[in-house]
Amino acid sequence: MTPPSAPTALSWSGMTHVGRVRKNNEDAFLALAYDANEIRYLGKVGDSSLEHHDFVFAVSDGMGGANAGEFASKIAVERITRLMPKVYRLAAQKLATGVNDALEEIFSHVHAEMTRMGRFYAECAGMGATLSLACFSPGWMHFAHVGDSRIYYLPAGGGMMQVTHDHSFVGWLRRQGKLNEREARMHPSRNVLNQALGGGHQILHPHFGAVSCHPGDKFLLCSDGITDGLWDNRLEEYLKTPQDQPKAFKIVERAVAESGKDNCTAVVVEFAA
C-alpha cells in the first residue's frame, strides 16, 4: 500500500559518456513516464509528479565483439517499453508480486532475444548486457537487476546503500564480508560476471526488490564505469551536496576525470523534501 508520507514530486537527470579510452559507448540509459495507455520518453533533465504517471529509469552496459555491445544495451533499454503499461496496471491494483512477474517477463524477453541473435548472427556472437531498472509509483521504487551495474539508495536521513547485488564472484565475496570495497575494486576477477542478459548465459536469476520512498530520498543508477572511477563515499557526497549542474552530469564528469577507462553512465532520481 502507498505509505502515508509518500512523496509525489520528483526530479531526474541522466548522462552517459564514452570515457577517455574506448571508441564506442556500450552504455545506455532510459527515462520514461507511463500509465496504462501510453509511454512518454523523457529528456536528460526534468521534474514531474507521480499523481498521473509512473516512471521508469534504467541503465544498461553492453558487451560483445565489434559493435554488438553497443547494440545490446540499446536492445535492453528499448524493449522495456513494450510491457510498462502492464506493470502500471498491476501497480495501480497494489499487486506487488504481479509487478515482479511483469518485470521478470521483460528480462526474460530481452534475454531470449539477445541469446537468439547471438546464436544466428556471427556479428552478435557473445552479445550481452547488464540491466538495472527502477520503477517509481506512489510510495515505492520496484527494481529488477542483472549484472554489475548498480542501484544505490540514499535516504533523506543519510547512509547510502547499494540495493542491487553485483552478479559476480567478487560481488558475492563482498556481500559475505570477505572483501572490503578497496579489495573488491582491485580484485583481478572484478569484471567477470556470472549473470547477464544474453552473453551465453543459459539461466537467468534477476534480483527483484522494492524500497519505500519518502520526501528527500535519492536514488542513483549507474554502470560499472562510474564505480570504477568513484568510491561509494564520493558518490554519496555528490548525491547529498547541491551541485552547479545536474547531479548525474557531475557524477559522470568526475568518474571520467578520475578513471575514464570504461564508458560512464548515471541516472539520479530525487524526491522533493
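The values are calculated or read from the model by the stated rules, or taken from the named source; none is laboratory data. Small disclaimer: the values here were computed from a predicted structure and weren't measured. Cβ placement follows ideal geometry from the backbone for every residue including glycine, while neighbour counts extend to all protein chains displayed. The protein model used for the area step is the full one, side chains on, heavy atoms only, and it has no ligands, DNA or RNA in it. Shrake-Rupley method; radii C 1.70, N 1.55, O 1.52, S 1.80 Å.
Just a few scattered comments:
- Per this entry, residue 150 is not counted among residues that are of a type outside the set (Val, Ile, Thr), exposed (fewer than 13 other Cβ atoms within 10 Å of the Cβ) and either in contact with a helix residue (DSSP H, G or I) (Cβ under 8 Å, 6 or more places away or on another chain) or at pLDDT 90 or above (or both).
- Residues of region 87-122 that are exposed (fewer than 15 other Cβ atoms within 10 Å of the Cβ), at pLDDT 80 or above and among the small types (Gly, Ala, Ser): 108, 112, 122.
- Among the candidates 247, 240, 261, residue that is in contact (Cβ under 8 Å) with a residue 60 or more places away in the chain and either surrounded by 17 or more Cβ atoms within 10 Å (Cβ to Cβ) or touching a strand residue (DSSP E or B) at 6+ places or on another chain (Cβ under 6 Å) (or both): 247
- Output for region 33-59, where each listed residue is surrounded by 15 or more Cβ atoms within 10 Å (Cβ to Cβ), touching a residue at least 40 places away in the same chain (Cβ under 8 Å) and either of a type in the set (Phe, Trp, Tyr) or in contact with a Lys or Arg (Cβ under 7 Å, 6 or more places away or on another chain) (or both): 34, 55, 57
- Of residues in region 1-32 being assigned to a loop (DSSP other than H, G, I, E, B), modelled with pLDDT of 85 or more and farther than 25 Å from residue 130 by Cβ, the one least open to solvent (accessible area, probe 1.4 Å): 7
- Single unsatisfied condition, residue 125 versus (1) over 13 Å from residue 209 (Cβ atoms); (2) buried (at least 19 other Cβ atoms within 10 Å of the Cβ): (2)
- Residues of region 167-203 satisfying the condition of being free of Cβ contacts under 8 Å to residues at least 40 places away in the same chain, open to solvent by less than 20 Å² (accessible area, probe 1.4 Å) and touching a strand residue (DSSP E or B) at 6+ places or on another chain (Cβ under 7 Å): 168
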